[in-house]
Amino acid sequence: MIKNRKTVYLVLFFLLLISYIVLKESALPILIVGYLFILSMFIFNDMKKDLFSLSSLFLIHYSIYLLNIPIKQLKDSYSVRWYILAMDRSLGTKIMLVCGLVTLMAFIFGSNIEPKKRFDFSFIKKKKIYCDIKNFFLSFICKYHRILNIRVFAYFLTFVGTIFFLIGIHKMGGLTYLFSKYVWNSEKVAEVGIMTTGIQIAYAGIIISFYIFLNEKKFSIKNILKWPIPYVFIFLSGIKFIQGGRIQVLMACISLVLIFNYEYRKIKLKHILILGVIGVMLLGYIGYYRDYKTLIPSDFKTMIKYMMGGSGGLEYFLNSYTNFTTMHVINSTKISYLWGASILDGFIFLIPRFLLPNKGDMLFITKKVNELSAIEIISPVGGLNLAAQNLINGGVVFTALFMFIIGMLFMKLRSYSYKSINGTLLYSLIVPYLIVSFIRNPMYFTIKEIIQFCIVPYIIFLILKAGEHYKEKKCI
């Protein structure tokens, strides 16, 4: 028996690669089984340490998008109207190799590497100017501690976010839009931005409040009922339900569950499974509600189908199809790759629209997708999943390099969450974006969202927290 797990991964990968070289498209079932076997080995080992491991959750959701069509192609009778490329087993086999096995191996090996040398910032901390600036800010925070503290900051985010969210709804059409049951007006880009940004700011405040709550009080029904934040969360989530939205609510719920798990009580596997089933059913019901525009179904069979996972079927199919269209264009046309330029899009997208109204047209990935769509419609529903973006950036070479780096970054984030006093807050804020938005949307969305709604609030939280410690030391 080979004890080195990485050696096992490598041996399996090369055997699967040989099967592809020899059998071509006939190797599809072998590649799928091999991929699932390696994935299962990694997840089983990873989740023994942490049931909410970012790496495992990321790979599970990524694999759902990846495998949607290739698994269906195993049936000889598989056919689908309009989406002709979805029946091309040759494409499916290449996707399983590049977007599947290469991606999985690169990510696994990246997640097992930790740089031995760490940059030492101690020499900066010894500088007089650093100490003077630090003491100035901490003294200022200490002086106005009644306003500049973590509790007020969390409430401030919640309040401001709620106001922006309601303003956005008003600009989108008020009650008419609210009861539209998910009528998306893509022409009102600024209004949509105000609305979605508002609720994300509010949810960031709610998540930080919950983190503070669990660190300051004993979790109990009595304390929850006396606390105003749950009512704000129910209000915002209720509005999103009426309007037919669900992604932001789902992501906020994931963060709250993570904080509960890490800061109060470990959630058992059976409870995670129960939460998962309830979550899928609720998401399915909202999908039914916004598609059929009714709370009380006339066709219970269709509603049950939605609630049992059918709601996400089209989403996963069409975004899985994006892999096929992208691979087809790359195979049939000599194209120039972006080589990571789409990562810069995240920083361009951070610029407010009043400063850069046409920023969407300036993005590297937008220009490239428009170019490729002249050959084949790359993204039927507007989403551009991670696998397709890696292909557009640099094919198999970029895919392997990028996923290796992502594996390292995920490992570093996980390590930070363990070692830092408030690391679980940052981890809980970021994880939903990485396992939902990062996989499904153009990465500039995720980069912008993580900076705006995770990193910046977390840094401010740390500064205000440092001010509290400074005040306590002064009192001593």
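The values are calculated or read from the model by the stated rules, or taken from the named source; none is laboratory data. Predicted model, so just to flag it, every value in this text is computed and none were measured. Because the Cβ atoms are built from the backbone with ideal geometry, glycine has one as well, and the counts that use them run over all protein chains shown. These accessible areas exclude ligands, DNA and RNA; they are computed on the full protein's heavy atoms, side chains included. Shrake-Rupley method; radii C 1.70, N 1.55, O 1.52, S 1.80 Å.
Remarks
- Residue within the stretch 255-264 that is surrounded by fewer than 15 Cβ atoms within 10 Å (Cβ to Cβ) and closer than 23 Å to N215 by Cα present: yes
- Some residue of the stretch 435-442 being under 18 Å from T196 (Cα atoms) and among the aliphatic types (A, V, I, L, M): yes
- Single condition Y433 does not satisfy, out of (1) open to solvent by less than 30 Å² (accessible area, probe 1.4 Å); (2) closer than 20 Å to L318 by Cβ; (3) of a type in the set (F, W, Y): (2)
- Inside the stretch 320-366, residues that are at pLDDT below 90, outside any loop (DSSP other than H, G, I, E, B) and either open to solvent by 60 Å² or more (accessible area, probe 1.4 Å) or more than 20 Å from F402 (Cα to Cα) (or both) make up a count of 6.
- Of all the listed residues (I272, I206, I267, I296), the sole one being closer than 22 Å to T424 by Cα and not in a helix (DSSP H, G or I) is I267.
- Among all residues of the stretch 2-11, there is none that is closer than 24 Å to P432 by Cα and out of contact with any Gly (no Cβ under 9 Å at 6 or more places or on another chain).
- Among the criteria (1) surrounded by 20 or more Cβ atoms within 10 Å (Cβ to Cβ); (2) within 30 Å of L256 (Cβ to Cβ); (3) polar (S, T, N, Q), the one S415 does not fulfil is (1).
- In the stretch 437-450, the residue that is farthest from R353 (Cα to Cα) out of those that are in a helix (DSSP H, G or I) and open to solvent by less than 20 Å² (accessible area, probe 1.4 Å) is I439.
Residues are listed down the side, and each one gets a yes or a no for (1) of a type in the set (G, A, S); (2) touching a His at 6+ places or on another chain (Cβ under 7 Å); (3) closer than 29 Å to T446 by Cβ:
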site: Y20; (1), (2), (3): no, no, no
site: A27; (1), (2), (3): yes, no, no
site: L36; (1), (2), (3): no, no, yes
site: Y65; (1), (2), (3): no, no, yes
site: N68; (1), (2), (3): no, no, yes
site: K72; (1), (2), (3): no, no, yes
site: Y78; (1), (2), (3): no, no, no
site: W82; (1), (2), (3): no, no, no
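- Boolean, G383 is assigned to a helix (DSSP H, G or I), among the small types (G, A, S) and surrounded by fewer than 20 Cβ atoms within 10 Å (Cβ to Cβ): no
- D50 at negative phi and open to solvent by less than 60 Å² (accessible area, probe 1.4 Å): yes
- Reported count of residues in the stretch 66-117, each being of a type in the set (G, A, S), open to solvent by 60 Å² or more (accessible area, probe 1.4 Å) and in contact with a helix residue (DSSP H, G or I) (Cβ under 8 Å, 6 or more places away or on another chain), is 1.
- Scanning the stretch 333-363 for residues that are in contact (Cβ under 8 Å) with a residue 24 or more places away in the chain and within 21 Å of the chain's Cα centre (by Cα) returns G340, A341, S342, I343, D345, G346, F347, I348, F349, L350, G360, L363.
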